[in-house]
Ligand SMILES: Cc1ncc(COP(=O)(O)O)c(C=O)c1O
């Protein structure tokens, strides 16, 4: 499979914008970019290729820097993938509901059809169903594992089946992988040049406000994304803070351990509530919980200043709320509040 053949015609022909400093070692007197000369840490444009940040990521994940893409949040990365490969009003992508809502929104924004090949009712992946949904205009398949909003990891062998039988781009979105014991599909990059692994600093790395998404793929795909991205998509402060976060492995791991311990406690407490019907297996930092009446619980929690996500309108998710694991104090407040609801109902 040639990645180049999958590209939109205009992207294949694109002459990218080049800043004056792209090819130069930015040392000396910088009079090329109409910046302010007064040093304050951010008076210069940031490195458009994020070399230091990519080096840090590459070392951590044992890949080459050229296999790393940095997006302004992984949502930007997902959008760029659609823009690179999908001809508007012609091509399509496949998603597997219930899943992360932005895949469909991004497809709609780009006038790209979004075909739905649902997960099984137990939220497992049926590769065969996905492959049957593929047609000659299918360019991207989005697989989310661990899946949002359900929390479960999808089976390696089913993901492999999709990768082995689809001649387009397969995005495996691993936004929640750091909370899970599942192996990252990064290990498959050398086998599948059409695989794109999407990760983010927004979840386990406590960096949602930074907007820092990290993508891993073949050198060819990363090159395309670098060609079409806004030149300075990652600001200087985010680049340097991102490096600090990634180097702080022990603290990040301690936080993950804490979240996972709290997640267990939350499960035990939720399980005791008479109006909880089901708690779905989760490898992420949240639980999807089925209630007798999710709408009422959602409202009562809001009235008590606790915001959860009502997912009841997603496929197979009737009467569910998605509840993020917070700090010990926050989780205790949530549990206390739910116990009160039990008394008044
Ligand atoms: C599965 C999934 N992918 C991607 C994202 C977006 O992450 P980012 O903050 O990096 O844009 C989210 C955010 O909730 C998510 O749940």
(message) Suppose we keep only residues that are crowded, with 19+ Cβ neighbours inside 10 Å and farther than 30 Å from residue 137 by Cα within segment 178-201. Which one would you say is nearest to the chain's Cα centre (by Cα)?
(response) 201
(message) Testing residue 205 on (1) assigned to a loop (DSSP other than H, G, I, E, B); (2) away from the ligand (no atom under 15 Å from the Cβ), one condition comes back false. Which one is that?
(response) (2)
(message) Just to verify a result, which residue in segment 1-60, among those that are under 25 Å from the mean Cα position of the chain (by Cα) and in a loop (DSSP other than H, G, I, E, B), is surrounded by the most Cβ atoms within 10 Å (Cβ to Cβ)?
(response) 50
(request) Can you tell me which residue among 266, 273, 212 is surrounded by 14 or more Cβ atoms within 10 Å (Cβ to Cβ) and within 21 Å of the chain's Cα centre (by Cα)? (result) 212
(request) Filter the strands (runs of 3 or more DSSP E) completely within segment 62-168 down to those with at least 3 residues that are within 14 Å of the ligand (Cβ to nearest atom) and crowded, with 17+ Cβ neighbours inside 10 Å. (result) 68-71, 138-144
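For segment 206-217, name all the residues that are touching a helix residue (DSSP H, G or I) at 6+ places or on another chain (Cβ under 7 Å) and within 18 Å of residue 78 (Cβ to Cβ).
Across segment 206-217, the qualifying residues are 207, 210, 211, 212, 213, 214, 215, 216, 217.
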(message) All but one of (1) surrounded by fewer than 20 Cβ atoms within 10 Å (Cβ to Cβ); (2) within 22 Å of residue 2 (Cβ to Cβ); (3) within 12 Å of the ligand (Cβ to nearest atom) hold for residue 223; state the number of the condition that does not hold.
(response) (3)
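Since every read-out is calculated from the coordinates, none of them should be taken as a lab result. Values in this document were obtained by computation on a predicted structure and should not be read as measured data. Note that we place each Cβ from the backbone using ideal geometry, even for glycine, and neighbour counts take in every protein chain shown.
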